[in-house]
Amino acid sequence: MRIYFYIAKKFWGPFLFALGVFTTLVVLGDTFEKMKNLGNGTTTILDLLSYSLATFPNWLATIMPVACLLGAISVISEMVSNGEWTACIASGFAPKQLFKPVVACILLVVALTMLMQEFIVPPLNVKANRIYYTRISPSDSFNPDIERDVVLKVSPNQMLFAKEVNLKHGTMSQVSLDTYDDHWDIADQIVARQMVWDPQTRGWLFSDGIRRTFVDPLDTTEHTFETAESSVNLNPAEMSVDRTENKLLSIRDLYKRVHFFKRSGLSSYAAQTMLQSKLATPFVTVIMCLLGMPFAISMRRKSKIINIIASMVIAFTFWWLISMFTSIGENGYINPFLAGWGPVLFFSVVVFFEFKWMKL
C-alpha cells in the first residue's frame, strides 16, 4: 500500500507545474491581446485583471487534461530512469498495479474539473462577458438578459416571432404568433406589443395587440384587444433562447437546451453533440493518460523535454480528432452520440492493443 501512496505523491509535482505553466501562458496571451483596448477611454488595467480572473477557471479546466497527461508520463518515466520501476516489477508488482495510483489521482482531478465546469465556470463566463462588453469593448446593445430576433416553433403549425425576449422577467416584446393550415398557408395571426408569462395560469398573455384571420388570400378580418390569452405554454424556466456558445454551457444547461430545441422543432445537432462531448470528457482524459504512460516505460533516460513533447503530441492528436468529430456531429452528418463518444471508442481500442503489444 505504501508504494501506491508514494507513486500518487510523485504525480502532483509535475501535474501542478504543467498546470501552472500552461495556464499562465494562455491567460497572459489572452490578457495581452485585450490590452489593445486600453486606449479606448473606458478600459483600465483593473478591468483587464478582472476579466482575466473571471476567465481563469475556464482556461484551467481546458488545460487540465494536458497537465494530467504530463504528470502521468513524468511519474512513470522518472520511476523507469531511477530504477524504481524495475525494482517494483522484480518485487512482484504488475505494471497495471503501478498505474492504479496515477489513474486514481487523474480521476480525482477529473471529478474536481467536472464540478468546476458545472458550477463555477458558467457564472464566471457570464461575468467575463459583462466586463468585456461594458468595459473592454463597450457595446450599447449588450444585455445578458435579453435575446433579440427570436424565432420559435411552438407547435406543429405555429411559429412565434419576438423582437426581444427577457426570460428572467418573463416578457417578450413586439411579438407575432402565426398559425398555419395543413398546406402551410397562414390562417391566423396575432401581433402584440408584448407577451407576459402568468405563473398562475402557467401561460403567456398578449397585451395591446391585433388578431387577424385570413379568410382567403384577399379577405382578412381584424380586431384589436388589450389583453388576450395565448396558446403558448412554454415555461420561461424551460426555455433556452440565448446564443451562448454550447461549449461554454454546463451539462445541465445543455440538457435544457436540447430538450427545448426538440420541443420547439429547432435543430439540436450542435447542442446534442457538445452534450455528449462533455459527458465523454472524463473518459477522454483517463484514456489519454493510459495511452501516454506505456510510452514512458520505453524511455530509459529521464528527459523532461521528451515528456513535454510526447504529452503535447498525444494531447493535440486527441483534440484534433475530437474537434473533427464534433464539427461533423454539429452539422448533422453523424449521430451526436457517435460524434461525442467516437474518439473515446477509437482510442480505447488503441490503448487495448498498446497494452497487449507491450504485455502490460
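Give me a count of the residues in region 249-272 that are closer than 21 Å to Asn125 by Cα and hydroxyl-bearing (Ser, Thr, Tyr).
Within region 249-272, residues that are closer than 21 Å to Asn125 by Cα and hydroxyl-bearing (Ser, Thr, Tyr) number 2.
Give the residues of region 94-110 that are open to solvent by less than 60 Å² (accessible area, probe 1.4 Å) and aliphatic (A, V, I, L, M), sorted by residue number.
The answer is Ala94, Leu98, Val102, Val103, Ala104, Ile106, Val109, Val110.
If we scan region 5-22, do we find a residue that is hydrophobic (A, V, I, L, M, F, W, C), under 22 Å from the mean Cα position of the chain (by Cα), surrounded by 12 or more Cβ atoms within 10 Å (Cβ to Cβ) and closer than 30 Å to Cys105 by Cβ? Step through it out loud before you land on a result.
Looking only at region 5-22, we keep the residues that are hydrophobic (A, V, I, L, M, F, W, C), and these are 5, 7-8, 11-12, 15-19, 21-22.
Subset that is under 22 Å from the mean Cα position of the chain (by Cα): 19, 22.
Retained after the next criterion (residues that are surrounded by 12 or more Cβ atoms within 10 Å (Cβ to Cβ)): 19, 22.
Still in the running and closer than 30 Å to Cys105 by Cβ: 19, 22.
Yes, some residue in region 5-22 is hydrophobic (A, V, I, L, M, F, W, C), under 22 Å from the mean Cα position of the chain (by Cα), surrounded by 12 or more Cβ atoms within 10 Å (Cβ to Cβ) and closer than 30 Å to Cys105 by Cβ.
State all residues of region 76-93 that are aliphatic (A, V, I, L, M) and open to solvent by 40 Å² or more (accessible area, probe 1.4 Å); if no residue qualifies, say none.
Just the residues of region 76-93 that are aliphatic (A, V, I, L, M), to begin with: 76, 79-80, 87, 89-90.
Those that are aliphatic (A, V, I, L, M) and open to solvent by 40 Å² or more (accessible area, probe 1.4 Å): Ala87, Ile89, Ala90.
Can you say whether Leu338 is modelled with pLDDT of 85 or more, part of a helix (DSSP H, G or I) and over 18 Å from the mean Cα position of the chain (by Cα), as far as the supplied structure shows? Walk me through how you get there before you give the answer.
On the way: modelled with pLDDT of 85 or more: yes; part of a helix (DSSP H, G or I): yes; over 18 Å from the mean Cα position of the chain (by Cα): no.
No.
What are the residues in region 115-159 that are within 30 Å of Thr42 (Cβ to Cβ), of a type in the set (A, V, I, L, M) and part of a helix (DSSP H, G or I), if any?
Val121, Leu124, Val126, Ala128, Ile131, Ile136
Restricting to region 218-254, name every residue that is among the small types (Gly, Ala, Ser) and assigned to a helix (DSSP H, G or I). Lay out the reasoning, then the answer.
To start, the set of residues in region 218-254 that are among the small types (Gly, Ala, Ser) comprises 228, 230-231, 237, 240, 250.
The answer is Ala237, and nothing else.
Of all residues in region 158-180, which are open to solvent by 60 Å² or more (accessible area, probe 1.4 Å) and at negative phi?
Kept after step one, since they are open to solvent by 60 Å² or more (accessible area, probe 1.4 Å), are these residues of region 158-180: 161, 163-164, 168-169, 174.
Matches in region 158-180: Phe161, Lys163, Glu164, Lys168, His169.
Hey, Val126 hits all of (1) farther than 15 Å from Asp242 by Cα; (2) open to solvent by 70 Å² or more (accessible area, probe 1.4 Å) but one; which does it fall short on?
Here Val126 clears every test but (1).
Quick check on my filter: what residues within region 211-260 are surrounded by 11 or more Cβ atoms within 10 Å (Cβ to Cβ) and charged (D, E, K, R)?
Result: Arg211, Arg212, Glu229, Glu238, Asp242, Lys247, Arg252, Asp253, Lys256, Arg257.
Could you tell me which of the residues Val284, Val215, Val258 is modelled with pLDDT under 90, within 30 Å of Phe347 (Cβ to Cβ), not in a loop (DSSP other than H, G, I, E, B) and not small (Gly, Ala, Ser)?
Details: Val215 fails: within 30 Å of Phe347 (Cβ to Cβ); Val258 fails: modelled with pLDDT under 90.
Criteria check complete, one pass: Val284.
Give all pairs with beta carbons closer than 8 Å in which a residue from region 140-154 that is of a type in the set (A, V, I, L, M, F, W, C) meets a residue that is part of a loop (DSSP other than H, G, I, E, B); count only pairs at least 6 apart in sequence or on separate chains.
Val150/Val241; Leu152/Leu234; Leu152/Val241; Leu152/Leu266; Val154/Ser231; Val154/Val232; Val154/Leu234
Within the set of pairs 6+ apart or on separate chains, which have a first residue in region 37-66 that is under 18 Å from Lys127 (Cβ atoms), a second that is among the β-branched types (Val, Ile, Thr) and open to solvent by 30 Å² or more (accessible area, probe 1.4 Å), and C-beta atoms under 6 Å apart?
Pro57/Ile120; Trp59/Val26
Among Val21, Val66, Val27, which is the only one that is under 24 Å from Leu291 (Cβ atoms), assigned to a helix (DSSP H, G or I), β-branched (Val, Ile, Thr) and touching a helix residue (DSSP H, G or I) at 6+ places or on another chain (Cβ under 6 Å)? Walk me through how you get there before you give the answer.
Working: Val21 fails: touching a helix residue (DSSP H, G or I) at 6+ places or on another chain (Cβ under 6 Å); Val27 fails: under 24 Å from Leu291 (Cβ atoms).
Every option except Val66 fails the conditions.
What is the residue count in region 41-75 for residues that are open to solvent by less than 50 Å² (accessible area, probe 1.4 Å), of a type in the set (A, V, I, L, M, F, W, C) and under 29 Å from the mean Cα position of the chain (by Cα)?
Qualifying residue count for the region: 13.
The values are calculated or read from the model by the stated rules, or taken from the named source; none is laboratory data. All values derive from a computational prediction rather than experimental measurement. Positions of Cβ are backbone-derived with ideal geometry, glycine not excepted, and every protein chain shown enters the neighbour counts. Heads up: the accessible areas ignore ligands, DNA and RNA and are worked out on the full protein's heavy atoms, side chains in. Shrake-Rupley method; radii C 1.70, N 1.55, O 1.52, S 1.80 Å.
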